[in-house]
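Visitor: Got a structure here, written out as structure tokens. Questions coming.
The values are calculated or read from the model by the stated rules, or taken from the named source; none is laboratory data. Since we're looking at a predicted model, the values are computed, not measured. Here the Cβ is made from the backbone with ideal geometry for all residues, glycine too, and neighbour counts use every protein chain on show. These area figures cover heavy atoms from the full protein model, side chains too; ligands, DNA and RNA do not enter into them. Shrake-Rupley method; radii C 1.70, N 1.55, O 1.52, S 1.80 Å.
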Amino acid sequence: MTLPVPTMQAPPVAVVGLGQLGGSLAAALVAAGRTVTGWDTDPAARDAAAARGVSIGRALSGVVVLATPIPALGTALEGLDVAADATVTDLGSVKVPVLADLGARFGSRFVGGHPMCGTERSGHAATDPELFRGARWAVCLEPGTELPRWLRVAEVALAVGASVVPVTAAEHDAAVAAVSHVPHLLAAALAAAAAEAGPLALGLAAGSFASGTRVIGSDPGFVTAMVEGNAAPTTAALDAVRAQLGRPWPELVEAGHAVAARPQGRRPVRVPLDRAALLALGRAGGAVERRLAAFVEGSMPA
Ligand SMILES: NC(=O)c1ccc[n+]([C@@H]2O[C@H](COP(=O)([O-])OP(=O)(O)OC[C@H]3O[C@@H](n4cnc5c(N)ncnc54)[C@H](O)[C@@H]3O)[C@@H](O)[C@H]2O)c1
């Protein structure tokens with residue numbers, strides 16, 4: 001089924017939670033000339049965003065972006081005035097539980113999202129308006145998602161330099177378990193095991209140890225909320241890693257090396273504004289880079 005083409009107007013954006021991700025998004029949108037309202041329970045985060053041109057207030061309209069820690073996503077709009085026709089999205093690192101909560105409350109007005117960027121820093125002092133440039137941003141297309149609202153959220157991601165991966169919440173959670181949540185746990189395990197090995201081991205640690213453990217500096221509360229919020233897919237992805245570790249070492253090393261040796265080329269694609277076609281693009285490793293009237297342009301592995 002091909003869905004109707006929505007209007008091209010850029011709606012205002014409201015960001016709730018002005019820390020690393022939300023503060024960066026609000027600042028990037030202001031820099032792109034967009035009207036942005038922001039709110040945070042921390043007055044220091046509000047002041048920092050205001051200094052970057054964000055209008056601080058509790059009246060939220062257009063695209064309302066929830067950028068609080070995962071445990072606060074369900075309550076972040078309490079006491080705030082959300083316009084009846086606003087599209088609500090979030091930046092949370094897990095999508096199925098957030099969809100169950102906010103989807104139940106906002107119905108088809110809710111479109112889940114997750115930008116695949118961020119550093120091990122947190123809080124408003126980690127704001128970087130360039131954070132999203134070149135990043136992938138998953139935007140969820142469920143069977144009940146209204147395509148015009150999906151496009152409004154996708155357009156926010158495109159406006160700050162990200163490319164958009166259409167995906168369902170369940171497929172997102174399985175995929176990020178493998179490429180994000182398990183790497184966080186493996187980094188913690190590597191670091192803890194090296195610390196147990198003693199000061200000599202840590203004293204000799206160099207590039208491979210630093211690369212494999214970079215994310216251990218992340219806020220433990222953030223990582224715990226992420227992996228516990230995505231427990232079943234993360235457990236399955238960890239089992240897959242354990243199975244790999246059971247292979248003969250030469251075979252395992254070859255298999256890993258083969259991933260690095262894969263061709264990196266991409267080819268441009270045009271996809272109609274159709275749920276099945278957009279999801280097929282995401283599943284193939286593709287992403288949307290530009291929105292035109294009746295289709296989107298992007299790229300996928302060659
Ligand atoms: N850090 C990453 O690498 C990363 C990457 C992608 C997505 N995310 C997701 O983005 C979201 C934000 O993460 P972050 O790293 O920016 O966190 P952060 O700790 O840097 O910022 C969170 C902000 O939310 C504010 N806040 C907390 N409760 C609030 C509430 N009830 N109402 C309003 N504001 C509230 C805090 O004061 C803080 O300023 C999380 O849901 C996380 O899963 C994080």
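Visitor: Need the failing condition index for residue 100 against (1) touching a Ser or Thr at 6+ places or on another chain (Cβ under 8 Å); (2) free of Cβ contacts under 8 Å to residues at least 12 places away in the same chain; (3) of a type in the set (A, V, I, L, M), just the number.
Guide: Condition (1) is where residue 100 drops out.
Visitor: Identify all residues within region 27-47 that are closer than 21 Å to residue 150 by Cα and either open to solvent by 20 Å² or more (accessible area, probe 1.4 Å) or in contact (Cβ under 8 Å) with a residue 40 or more places away in the chain (or both); write none if there are none.
Guide: 28, 29, 32, 34, 35, 37
Visitor: Please find, within region 63-76, the residue that is surrounded by the fewest Cβ atoms within 10 Å (Cβ to Cβ) out of those that are more than 21 Å from residue 180 (Cα to Cα) and in contact with a helix residue (DSSP H, G or I) (Cβ under 8 Å, 6 or more places away or on another chain).
Guide: Among them, the one singled out is 74.
Visitor: Restrict the check to region 265-276 and report whether at least one residue is open to solvent by 40 Å² or more (accessible area, probe 1.4 Å) and part of a helix (DSSP H, G or I).
Guide: So far as region 265-276 goes, yes, one or more of its residues are open to solvent by 40 Å² or more (accessible area, probe 1.4 Å) and part of a helix (DSSP H, G or I).
Visitor: Just for region 129-144: of the residues that are away from the ligand (no atom under 11 Å from the Cβ), out of contact with any Phe, Trp or Tyr (no Cβ under 7 Å at 6 or more places or on another chain) and not in a strand (DSSP E or B), which one is nearest to residue 170 (Cα to Cα)?
Guide: 142
Visitor: Is there a residue being without any contact (Cβ under 8 Å) to a residue 24 or more places away in the chain, polar (S, T, N, Q) and either within 16 Å of the ligand (Cβ to nearest atom) or part of a helix (DSSP H, G or I) (or both) anywhere in region 171-186?
Guide: No: zero hits.
Visitor: Would you confirm, using the coordinates I've provided, whether residue 288 is outside the structural domain of residue 188 (by TED's automatic domain parsing) and β-branched (Val, Ile, Thr)?
Guide: Yes: the conditions hold for residue 288.
Visitor: I've got another one for you. Write out, first by first residue and then by second, each pair whose Cβ atoms fall under 7 Å of each other, whose residues are 6+ apart or on separate chains, and whose first residue, in region 104-132, is touching a residue at least 12 places away in the same chain (Cβ under 8 Å) and under 21 Å from residue 74 (Cβ atoms) while the second is assigned to a loop (DSSP other than H, G, I, E, B) and among the basic types (Lys, Arg).
Guide: 112/95; 114/95
Visitor: Scan region 223-247 for residues that are in contact with a helix residue (DSSP H, G or I) (Cβ under 8 Å, 6 or more places away or on another chain) and part of a helix (DSSP H, G or I) and report the count. Break it down into steps so the answer makes sense when it comes.
Guide: Step one: of region 223-247, the residues in contact with a helix residue (DSSP H, G or I) (Cβ under 8 Å, 6 or more places away or on another chain) are 223, 225-227, 229-230, 233-234, 236-238, 240-241, 244-245, 247.
Checking which are part of a helix (DSSP H, G or I) leaves us with 223, 225-227, 229, 233-234, 236-238, 240-241, 244-245.
Summing the residues that are in contact with a helix residue (DSSP H, G or I) (Cβ under 8 Å, 6 or more places away or on another chain) and part of a helix (DSSP H, G or I) in region 223-247 gives 14.
Visitor: Of all residues in region 126-149, which are more than 15 Å from the chain's Cα centre (by Cα) and either within 23 Å of residue 105 (Cβ to Cβ) or among the aliphatic types (A, V, I, L, M) (or both)?
Guide: Passing the criteria: 126, 142, 143, 144, 145, 146, 147, 148, 149.
Visitor: Out of 92, 57, 79, I need the residue that is open to solvent by less than 10 Å² (accessible area, probe 1.4 Å), modelled with pLDDT of 95 or more and within 15 Å of the ligand (Cβ to nearest atom). Which one?
Guide: 92
Visitor: Sticking with this structure for a sec: Tally time: how many residues in region 191-219 are more than 16 Å from the ligand (Cβ to nearest atom) and within 14 Å of residue 120 (Cβ to Cβ)?
Guide: Of the residues in that region, 4 qualify.
Visitor: A further question on this structure: With the condition kept exactly as written, say whether any residue in region 145-162 is away from the ligand (no atom under 11 Å from the Cβ), surrounded by fewer than 19 Cβ atoms within 10 Å (Cβ to Cβ) and not in a helix (DSSP H, G or I).
Guide: yes
Visitor: Moving to a separate point now. Go through 232, 201, 225, 255 for me and flag whichever is open to solvent by 60 Å² or more (accessible area, probe 1.4 Å), among the small types (Gly, Ala, Ser) and on the phi < 0 side of the Ramachandran plot.
Guide: From the options 232, 201, 225, 255, the qualifying one is 232.
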